[in-house]
Amino acid sequence: MLAQKYNAEMPNDEEALFLEVYKNNYQVLFRYGLYISRDRELTKECIQQMFFELWRKPDRFAGVKSFKPYLKKYLERKICAELGKRKANSFIINPGDPLLVDQSYETLLIKNQSSRELTRTLHAALECLTKRQLELVELRFMKGLSFDEMGKLLGIEHRTMYNQLHNAITILREKVKLRSVFPYTFLAYSIL
């Protein structure tokens, strides 16, 4: 709703609306950036740069229906670019870095097989969901939409969404049988 309001009223009160977007999304973006980078200062710097760029080119908001996913993706790209620059400029080698440690062929083979098995299990579990449940899981966990945004998009009640998602998660837990690692399975699925 704020996105439509922003696009509709952009020329009238640009500064106030932009400030509202900033205030409404800063905490979410900070937590998300910290999750990606594990660096508070880098996250703050990237958020500031992102909003500065958006302020200089407000036409980037044209057509944006929901700010949160747009801003999260923008921040993710910004942080990854910064981390890439830092890595390219860094010549310090950490001997404990898992990428530099020689692993036996058997260890690599086991990791690869485990990853493939998890992927197969997860795909099979997702096939057990109804179309609506799969859609809700994707919108909530992979696209990061709020229940309000999902309700407006799909035109269904909050209680129905909660119940459908609860049922979907129950099915996935039963099928995958990874109760303690369950939140990370969505990450594995979205990467693959």
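Just so it is clear, none of the values below were taken in a lab; they were calculated from the coordinates. Everything numeric in this text was worked out from a predicted model, so none of it was measured. Cβ placement follows ideal geometry from the backbone for every residue including glycine, while neighbour counts extend to all protein chains displayed.
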- Task: Note the full-extension length gain between Asn163 and Lys65 as 0.36 nm times their separation in residues minus their Cα-Cα distance, in nm to one decimal.
- Result: 32.7 nm
- Based on the Cβ-Cβ distance of Asn112 and Arg38, what FRET efficiency does E = 1/(1 + (r/R0)^6) give at R0 = 41 Å, to the nearest 0.05? 0.95
- Note on the structure: As straight-line cross-link partners of Lys152, the qualifying lysines (C-alpha separation under 16 Å, not fewer than 8 residues apart within one chain) are Lys5, Lys65, Lys68, Lys143
- Message: I want to check the label-to-label distance for Thr119 and Glu20. Put each point 7 Å from Cα in the C-beta direction and report it in nm to one decimal.
- Response: 4.5
